[in-house]
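The values are calculated or read from the model by the stated rules, or taken from the named source; none is laboratory data. Note that the structure is predicted; figures quoted are calculated from it, not measured. Note: ideal-geometry Cβ built from the backbone for every residue, glycine included; neighbour counts use all protein chains shown. These area figures cover heavy atoms from the full protein model, side chains too; ligands, DNA and RNA do not enter into them. Shrake-Rupley method; radii C 1.70, N 1.55, O 1.52, S 1.80 Å.
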Number of protein chains: 2
Amino acid sequence: MAGVNAGGERKERARFRRQAPEDRRRQLGEAALRCILKHGNAGVSVRQIAAEAGVTQGLVTHHFGEISELVAYAFDIMSGSLLQALMDAVAAAAPTPHERLDAFIEASFSPVLFDRDVLGVWVVFWGLVLHSPRMSASQQGEYSDYVAAVERLLGDLAASEGFAIGDVRLAAIAFTALLDGLWLAWCLNPSSFRPEEGMQLCRNWVKGLRLGAHG
Amino acid sequence: MAGVNAGGERKERARFRRQAPEDRRRQLGEAALRCILKHGNAGVSVRQIAAEAGVTQGLVTHHFGEISELVAYAFDIMSGSLLQALMDAVAAAAPTPHERLDAFIEASFSPVLFDRDVLGVWVVFWGLVLHSPRMSASQQGEYSDYVAAVERLLGDLAASEGFAIGDVRLAAIAFTALLDGLWLAWCLNPSSFRPEEGMQLCRNWVKGLRLGAHG
DNA sequence: AGAGAAATTATAAGATCGTATAACAAGAGA
DNA sequence: TCTCTTGTTATACGATCTTATAATTTCTCT
């Protein structure tokens, strides 16, 4: 009988405070991120995430239907935060295309984004995306938005400084790949280079663009 | 009672052929790779890998002690194959530094390496490396070897063509990051660019190096 | 042919997993 | 104060997990 333990004694249920569904979903999503941060793929577990959020596992099913929906939601939280942070940095920069692009680079290597734990969550998510149509769809949308943002930054730079880029889309893809690759490399091997060096490598790439190194 | 099923009838054990321990380890390692290829993280399971190899789960414990040792072994198989394939391609190229570097680039985008399933295994492994000191140690060694190989290719090119590179190690890190980033991007979004475009982006990077885009 | 080493199977224990659902409690609104 | 909606807990089922180990089989060597 609910509320009564094996010895027949009445056991009170845990007290809780009701929350708006979206607030609770957000709480569970952030708990999921923390679990992945701590345990990698082994942290993707209804019980662990519920415990991290301070609730019971039934709440996960209630709000998300199944664990993969929660993981996809957590991925969306993370993706939205990333693009928002980068756009905020660009918007806060001096309004020349050069300064805006450089603000983008600096933000990419700032401690908020260029953090071993944060990048580790990304790496685990990339592995999960491959086997989740739901997450794959989200990722494709976010990747397109990200590359489009980079295209604008590179296009503005070229127009502002009077040089041509053969294929802006491919250049944006290359720049994005370089950044992701540096994130990955540093995450796996933090001793391989310093954030300042990472920024320099990106600036070098931009210098190459100016010098005509494009298809 | 061993050998007798529930109905009391004597059930013969499965027949098997003994193999040398290293042959069996190799078989299990390759089965592990196939499971990760098919199922991602969900494929990292003693039962699934044993089934894929056509043996029973006791064999995994016998040969590897625990599942994480098998996964690390599979990772080493994969890493060894990668570097070997790239070095073979470079060795088979015409002996000029330019041709050797270009052979490296072409091999990196050849169907053997630039394959959705193969790259998918890498992405999953990257996530696993972060939470496995054993795999992390392996990865660091392999990353160092890979970057050293790239350093030699870039250094030879610069010497051969009479241009200077400010910091060859950082240039090698950047080139490696660009390649890994392109592999990752294509694996997650195969429609974002074609292999030929990927090679071109790498050649563009090299062009930039020649033009002085380095720190 | 037989002994013996060791490769391998079969089985089991204890743990954790995801999902489902009945029951309860919070709290808003009348 | 009471009703009712709905957020949430508690519990359970069936499945899968890893590791351990006794027993069996393969196959080499004498």
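Based on Cα contacts under 8 Å between residues 6+ apart, segment B:46-166 shows a relative contact order of 20 percent.
Calculated on C-alpha atoms, the gyration radius of segment B:67-181 divided by its Kirkwood radius gives an Rg/Rh of 1.00.
Placing B:THR176, A:THR56 in order of accessible area, with the largest value first and a 1.4 Å probe, yields A:THR56, B:THR176. Between the amide H of A:ASP167 and those of A:GLY215, distances stay under 5 Å, these residues lying 5 or more places away or on another chain, with hydrogens modeled in the peptide plane. Site-free segments of chain B were taken between GluC sites (Glu not before Pro) in DSSP loops having at most 16 other Cβ atoms within 10 Å, sites themselves excluded; the longest one is B:67-215. With a Förster radius of 30 Å applied to the C-beta separation of A:GLU161 and A:ARG116, the computed FRET efficiency comes to 0.25. Buried surface between chains A and B: roughly 3700 Å² of accessible area, summed over both sides, computed with a 1.4 Å probe on protein heavy atoms only. Structural size metrics of segment B:26-65, computed from C-alpha coordinates, are Rg and Dmax of 9.0, 25 Å.
Once Rg and the Kirkwood radius are both taken over the C-alpha atoms of chain B, their ratio Rg/Rh works out to 1.11. The mean number of Cβ atoms from other chains found within 10 Å of a Cβ in peptide A:79-91 is 0, as a whole number. Its Cα gyration tensor gives the protein assembly as shown an equivalent ellipsoid; the semi-axes, largest first and in whole Å, are 43, 32, 16. Eigenvalues of the alpha-carbon gyration tensor of segment A:127-172, scaled by 5 and square-rooted, set the equivalent ellipsoid semi-axes at 30, 9, 6 angstrom, largest first. When all alpha-carbon pairs of segment B:6-97 are counted, what percent fall beyond 15 Å? Roughly 66 percent, rounded to a whole number.
Within 10 Å of the Cβ of each residue in A:114-127, the mean number of Cβ atoms contributed by other protein chains is 4.
The largest accessible area among B:SER68, B:SER191, B:SER138 belongs to the first residue in B:SER191, B:SER68, B:SER138, and the rest follow in falling order (1.4 Å probe, all chains). What angle do you read, to the nearest 10 degrees and between 0 and 90, between the alpha-carbon axis of helix A:21-39 and the longest principal axis of chain A? Between helix and principal axis, roughly 70 degrees.
Here B:GLY166 yields copy-to-copy label distances, from shortest upward, of 2.4 nm, the label point defined as 7 Å from Cα along Cα to C-beta. Across peptide A:128-140, the average count of Cβ atoms from other chains found within 10 Å of a residue's Cβ is 3. With label points defined 7 Å past Cα in the direction of Cβ, position A:GLY54 shows copy-to-copy spacings of 5.6 nm, given to one decimal and shortest first.
In nanometres and ascending order, the distances from the B:ALA85 label point to those of the other copies are 3.4 (point 7 Å from Cα along Cα→Cβ). Each Lys or Arg adds one and each Asp or Glu takes one away; over the other residues whose Cβ falls under 15 Å from the Cβ of A:VAL168, this sums to -2.
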